[in-house]
1. If I take the Cα coordinates of the stretch 11-75 and project them onto the principal axes, what are the three extents in Å, biggest first?
2. Explain nothing, just compute: Karplus ³J(HN,Hα) = 6.51 cos²θ - 1.76 cosθ + 1.60, θ = phi - 60°, for every residue of the stretch 207-214 in order, whole Hz, x for Gly and Pro.
3. In nm, give the distance between the simple-model label positions of Thr73 and Glu144, each being 7 Å from the Cα along the Cα-to-Cβ direction.
4. If one computes the Cα centroid of the stretch 46-103 and of the stretch 198-253, what distance in Å separates the two points?
5. Averaging over every viewing direction, what projected area does the convex hull of the Cα atoms of the stretch 151-252 cover, in nm²?
6. Name the aspartates and glutamates eligible as straight-distance cross-link partners of Lys72: C-alpha to C-alpha under 18 Å, and not fewer than 8 places from it in the same chain.
7. Relative contact order (percent) for the stretch 103-253, with alpha-carbon contacts under 8 angstrom and 6 or more residues of separation?
8. Just round it to a whole percent: the fraction of Cα-Cα distances in the stretch 18-163 exceeding 23 Å.
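Laboratory data are not the source of any read-out in this text; all were calculated from the coordinates shown. Small disclaimer: the values here were computed from a predicted structure and weren't measured. Cβ: placed from backbone, ideal geometry, glycine included. Neighbour counts: every protein chain shown.
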Amino acid sequence: MRKKIVAGNWKMNLNFEEGQKLTSEIVNMLKDENDKDVTVVLNPPFVHLYPVKKLIGSTPNLFLGAQNCSDKTSGAYTGEVSATILASFGASYVILGHSERREYFKESNEMLTAKTKQALENGLTPIFCCGEPLEIREAGTQEEYVKNQLTESLFGFSADEISKIVIAYEPIWAIGTGKTASSDQAQEMHAALRAHFASKYGAGIADGLSILYGGSCNPGNAKDIFSKADVDGGLIGGASLKSRDFVDIIKSF
Ligand code: PEP
């Protein structure tokens, strides 16, 4: 059985009080409402990590994640945060390779290999993002494009390391646009990506990989998307900032 995961990506939103309020609401709702044992991850901005972790406490199936980590271990890298530091603050997950980081911060597939290595060495589960821009989807070459992102970044890792990674397929044209991929489009890509991992690591490893969908997921479309055989959950941006919407997405399994 693959893990069902819903991860919230707060991006660069919410001040201290807003972050505390949102977390408290989610913690309280999940106590009564997470009856399907979905793994839930909150990925706030770095400065929220410690106070959010305190509010999470020992809430079952609720974990802390970050939105990025450095590709370096430690040292004179002003403004960066290492995977070692994240782990010491109680993070269990880290989002890597989000399209916004690839685009605005020029993160390459090669750099993402180094970040993934840092995460794994520090016991963090990478939520590794991939996805195509609109022009690639329109050209119909999205599968090759996304498979290439994964091959270049991840195929140097061992089967054991790959089994510790979560994949998030996020078509860039669907992120924050209100335009979601159809559940059939998501299923088609997720199945292709699972087959891609199977071709390199074998069916056993590929079958165990959780592959999340991300891109304008909301309480109205999550049930349809999560019902697909190869969709194991969601990476949620905008809707993760509203406790009721986020928890309703979690309950869509
Ligand atoms: C994201 O940025 O990871 C994301 C999926 O955003 P949204 O849900 O807002 O499209």
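1. 43, 25, 18
2. Going residue by residue, I get 5, x, 6, 7, 10, 9, 9, x Hz, with x marking Gly and Pro.
3. 4.0 nm
4. 21 Å
5. 6.5 nm²
6. By straight Cα distance, Lys72 reaches Glu80, Glu107, Glu110, Glu121.
7. Working: 217 pairs, mean separation 31.2, N = 151.
About 21 percent, as a whole number.
8. Numbers: 4552 of 10585 pairs.
Pairs farther apart than 23 Å: 43 percent.
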